[in-house]
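Notes follow the structure.
The values are calculated or read from the model by the stated rules, or taken from the named source; none is laboratory data. Computed from a prediction, not measured in an experiment: that's the story for all the values here. Every residue, glycine as well, gets a Cβ built from its backbone with ideal geometry; the counts of neighbours run over all protein chains shown.
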């Protein structure tokens with residue numbers, strides 16, 4: 001019996017993926033777990049493994065095709081078995097169509113590379129009881145909203161349980177609708193002819209770049225950020241790191257400053273479960289596991305989060321080795337799905353770039369993100385009142401004000417600072 | 001042609017009389033249809049007018065009535081068999097479902113069964129659980145059998161004449177509490193309505209009420225009251241459960257985006273279930289609210305008058321359902 005290979009859903013907001021290449025051909029024998037294709041999502045290039053053993057019967061999608069999540073891209077079955085002819089072809093579209101110039105469709109609905117507006121992705125004002133994060137809207141309301149480019153997350157529902165009904169979308173001012181910046185990275189950009197000329201180059205945004213843009217606009221549009229900054233004495237932590245690394249000769253086992261920060265953030269979050277959470281409208285989902293997303297800059301531009309799972313529980317050395325491996329593969333575009341999904345809190349570290357201090361944008365639906373600058377020699381007032389030289393690192397937490405307030409964020413930063421300044425606790 | 005208001009009973013009598021004059025193969029058989037003039041007096045005077053060869057009293061055996069009628073129809077006559085109430089049709093199920101509905105198919109079209117079985121349906125008259133069913137939907141389950149469920153005198157006459165003239169077996173279901181309802185009916189021997197056509201009984205933009213038979217009465221009363229509150233219900237009268245004509249329902253739903261289905265059937269596996277399924281399948285993107293059903297309660301109909309009426313639909317229940325979807 002031929003089994004379909006389907007376009008997997010590799011993230012909660014993934015609607016479709018691009019087939020990059022097949023690593024098998026029709027007729028090849030495959031075992032369960034074999035890599036058969038590479039798929040590009042908005043976030044990364046990912047290797048797809050087959051979940052069934054057999055022979056490749058049919059490859060439905062070709063390189064560059066964009067296929068909807070859940071649609072078949074090929075079939076695996078018994079050797080010599082006929083490929084199912086009666087299957088509908090996948091919802092494949094030539095990649096070129098998807099890459100139409102951004103400005104061309106300014107007032108049109110969101111480009112198909114973007115997910116359905118705000119469904120579970122951005123914080124939403126209206127939620128169903130059973131499905132936190134899902135907008136409750138009737139089918140006809142959804143259709144009309146789609147036709148008019150109305151972002152349902154901005155519509156107030158008047159139906160039972162706050163359901164958005166037809167009348168609500170019909171009453172929604174249409175002239176506002178095209179603004180819908182939630183899904184339109186370019187919405188704030190002036191609409192008009194793109195300037196061209198000999199003195200300039202026009203660069204088409206990559207899907208990753210667009211995706212980052214969409215998410216960041218979503219975040220800045222909906223998430224009320226506030227920021228709390230503190231300066232941390234890192235002399236002890238740096239000394240400890242030096243000491244630890246001096247004892248290992250294998251480069252791949254060395255511990256980075258970032259590993260210490262991730263570990264400290266994770267241990268601090270144990271005491272602040274409110275910040276280890278996702279915000280879904282009327283519901284806050286607190287996680288019992290602490291998975292720290294680590295922002296990784298990619299060589300071609302853009303960034304993705306790799307996730308240090310159970311960072312509070314994983315021994316520092318083991319976590320450091322995993323992080324190093326994931327980050328390297330992320331830069332090669334070869335991370336696995338579960339390495340970029342499921343973060344409960346994020347850390348962004350620009351210390352290696354000698355940045356004094358910065359504030360990061362929250363990655364919704366997470367409640368916060370910690371931005372860390374470089375450890376720098378600075379003049380400090382010593383205990384006896386005289387001036388001296390100290391090592392200081394400034395860290396800033398960005399917090400969703402719907403989830404928490406300044407006092408809790410300040411407490412978090414104090415606890416985080418205490419941990420870094422007493423770094424032996426990071427080894428416990 | 002002047003239409004004059006007559007009762008459903010008169011409309012049925014007129015249809016039978018006209019068709020018996022028109023085609024001598026048409027004859028009536030059933031319990032007490034002759035000497036007594038019919039349990040509901042639809043065939044009063046027929047015995048005198050047409051004679052006992054064409055108006056035949058039968059034994060109290062529904063299997064005999066339905067079975068003999070099927071045989072007569074196969075042999076070339078056009079029987080109009082009367083089963084006193086649809087509750088007794090359960091006894092004749094084999095003749096109706098396995099014979100009348102299947103013979104044309106089983107014998108590769110060599111036989112037609114131009115049979116009409118007239119019967120009455122419905123509760124609300126304190127006849128107890130076994131004599132108060134409205135089980136038309138059971139018979140509509142089977143391909144091969146038409147099921148007519150008129151709700152006005154106009155429809156009763158035009159549909160019965162159509163049923164008698166058609167070569168397919170038809171179960172013609174009259175509601176026992178509606179025989180006195182009056183409406184204008186063309187006084188025309190050739191007034192025949194098409195088989196399998198629904199009818200918009202009232203126009204409105206706010207909600208679609210789909211109904212038939214007794215439900216039409218409840219729905220009309222509900223719609224009158226709703227109109228006083230500014231809510232305009234569109235009423236689609238199915239008239240036939242088979243062939244089922246949902247085009248007017250779909251068209252109406254595209255306009256209103258909301259639907260309530262009203263019927264006297266029990267709630268499980270009923271007409272509303274079928275229509276709701278088809279609506280969501282065909283017009284998912286037009287739905288603005290869940291589809292609601294008004295039906296009898298899921299229990300054997302109680303004998304006590306007050307409790308019996310509680311268990312049945314009524315206009316207030318229709319109003320409540322409409323307000324739930326608005």
(message) Condition first: over 16 Å from residue A:24 (Cα atoms), modelled with pLDDT of 80 or more and in a strand (DSSP E or B). Now tell me which residues in region A:41-71 satisfy that.
(response) A:66, A:67, A:68
(request) Confirm whether residue B:282 is touching a residue at least 24 places away in the same chain (Cβ under 8 Å), farther than 18 Å from residue B:205 by Cβ and within 14 Å of chain A (Cβ to nearest Cβ). (result) yes
(request) Identify the single condition in (1) out of contact with any helix residue (DSSP H, G or I) (no Cβ under 8 Å at 6 or more places or on another chain); (2) away from chain A (no Cβ under 14 Å); (3) under 25 Å from residue B:125 (Cα atoms) that residue B:248 does not satisfy, given that it satisfies every other one. (result) (3)
(request) State all residues of region B:295-310 that are free of Cβ contacts under 8 Å to residues at least 60 places away in the same chain and either crowded, with 16+ Cβ neighbours inside 10 Å or within 14 Å of another protein chain (Cβ to nearest Cβ) (or both); if no residue qualifies, say none. (result) B:295
(message) For region B:253-266, give me the residue count where each residue is within 14 Å of chain A (Cβ to nearest Cβ) and either under 19 Å from residue B:311 (Cα atoms) or in a helix (DSSP H, G or I) (or both).
(response) 4
(message) Take the conditions more than 14 Å from every other protein chain (Cβ to nearest Cβ), under 11 Å from residue B:208 (Cβ atoms) and in contact with a strand residue (DSSP E or B) (Cβ under 7 Å, 6 or more places away or on another chain) and apply them to residue B:291. Does it pass?
(response) no
(request) State whether the residues of region B:72-87 include one that is buried (at least 19 other Cβ atoms within 10 Å of the Cβ), in contact (Cβ under 8 Å) with a residue 12 or more places away in the chain, farther than 24 Å from residue B:13 by Cβ and out of contact with any strand residue (DSSP E or B) (no Cβ under 7 Å at 6 or more places or on another chain). (result) yes
(request) Give the number of residues within region B:272-291 that are under 17 Å from residue B:321 (Cβ atoms) and buried (at least 16 other Cβ atoms within 10 Å of the Cβ). (result) 9
(message) Could you check region A:168-192 and list, in sequence order, the residues that are buried (at least 18 other Cβ atoms within 10 Å of the Cβ) and either within 14 Å of another protein chain (Cβ to nearest Cβ) or modelled with pLDDT of 85 or more (or both)?
(response) A:168, A:169, A:172
(request) Could you list all residues from region B:190-226 that are exposed (fewer than 15 other Cβ atoms within 10 Å of the Cβ), over 16 Å from the mean Cα position of the chain (by Cα) and under 30 Å from residue B:20 (Cβ atoms)? (result) B:190
(message) If I ask for residues that are more than 19 Å from residue B:172 (Cβ to Cβ) and either in a strand (DSSP E or B) or out of contact with any helix residue (DSSP H, G or I) (no Cβ under 7 Å at 6 or more places or on another chain) (or both), which ones from region B:106-153 would you list?
(response) B:106, B:107, B:108, B:109, B:110, B:125, B:127, B:128, B:129, B:132
(request) Among what's in region A:374-428 and is assigned to a strand (DSSP E or B) and crowded, with 22+ Cβ neighbours inside 10 Å, pick the residue that is farthest from the chain's Cα centre (by Cα). (result) A:393
(request) Run residue B:231 past the list (1) touching a strand residue (DSSP E or B) at 6+ places or on another chain (Cβ under 8 Å); (2) away from every other protein chain (no Cβ under 14 Å); (3) in a loop (DSSP other than H, G, I, E, B) and report the number of the one that doesn't hold. (result) (2)
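I want to confirm something. Restricting to region B:11-25 and keeping residues that are touching a strand residue (DSSP E or B) at 6+ places or on another chain (Cβ under 8 Å) and in contact (Cβ under 8 Å) with a residue 40 or more places away in the chain, which single residue is surrounded by the most Cβ atoms within 10 Å (Cβ to Cβ)?
Keep residues of region B:11-25 that are touching a strand residue (DSSP E or B) at 6+ places or on another chain (Cβ under 8 Å), which gives B:11-12, B:14, B:16, B:19-20, B:23, B:25.
Now restrict to residues that are in contact (Cβ under 8 Å) with a residue 40 or more places away in the chain: B:11-12, B:14, B:16, B:19, B:23, B:25.
On the way: B:11: 29, B:12: 26, B:14: 20, B:16: 26, B:19: 22, B:23: 13, B:25: 16.
The extreme case among them is B:11.
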(message) Scan region A:318-339 and tell me whether some residue there is closer than 30 Å to residue A:401 by Cα and outside any helix (DSSP H, G or I).
(response) no
(request) Read through the list (1) crowded, with 18+ Cβ neighbours inside 10 Å; (2) part of a loop (DSSP other than H, G, I, E, B); (3) more than 12 Å from chain A (Cβ to nearest Cβ), then give the number of the only condition that residue B:269 fails. (result) (1)
(message) Could you check region B:103-117 and list, in sequence order, the residues that are under 8 Å from residue B:73 (Cβ atoms) and touching a strand residue (DSSP E or B) at 6+ places or on another chain (Cβ under 6 Å)?
(response) B:114, B:115
(message) I'd like the full set of residues that are in contact with a strand residue (DSSP E or B) (Cβ under 6 Å, 6 or more places away or on another chain) and in a loop (DSSP other than H, G, I, E, B), limited to region B:158-182.
(response) B:168, B:176, B:180
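This table checks each residue for (1) under 15 Å from residue B:210 (Cα atoms); (2) modelled with pLDDT of 95 or more; (3) over 17 Å from the mean Cα position of the chain (by Cα).
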site	(1), (2), (3)
B:228	no, yes, yes
B:232	yes, yes, yes
B:250	yes, yes, yes
B:263	yes, yes, no
B:294	yes, yes, yes
B:310	no, yes, yes
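With the condition kept exactly as written, say whether any residue in region B:50-59 is in the same structural domain as residue B:138 (by TED's automatic domain parsing), more than 23 Å from residue B:9 (Cβ to Cβ) and either touching a helix residue (DSSP H, G or I) at 6+ places or on another chain (Cβ under 6 Å) or crowded, with 17+ Cβ neighbours inside 10 Å (or both).
No, that holds for no residue.
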(message) Just the residues that are at pLDDT 85 or above and under 12 Å from residue A:74 (Cα atoms), please, taken from region A:6-26.
(response) A:19, A:22, A:24, A:25, A:26
(request) Please specify each residue of region A:134-149 satisfying the condition of being touching a helix residue (DSSP H, G or I) at 6+ places or on another chain (Cβ under 8 Å) and more than 8 Å from chain B (Cβ to nearest Cβ). (result) A:135, A:136, A:137, A:144, A:145, A:148, A:149
(request) Kindly list the number of the only condition in (1) surrounded by fewer than 19 Cβ atoms within 10 Å (Cβ to Cβ); (2) out of contact with any helix residue (DSSP H, G or I) (no Cβ under 9 Å at 6 or more places or on another chain) that fails for residue B:67. (result) (2)
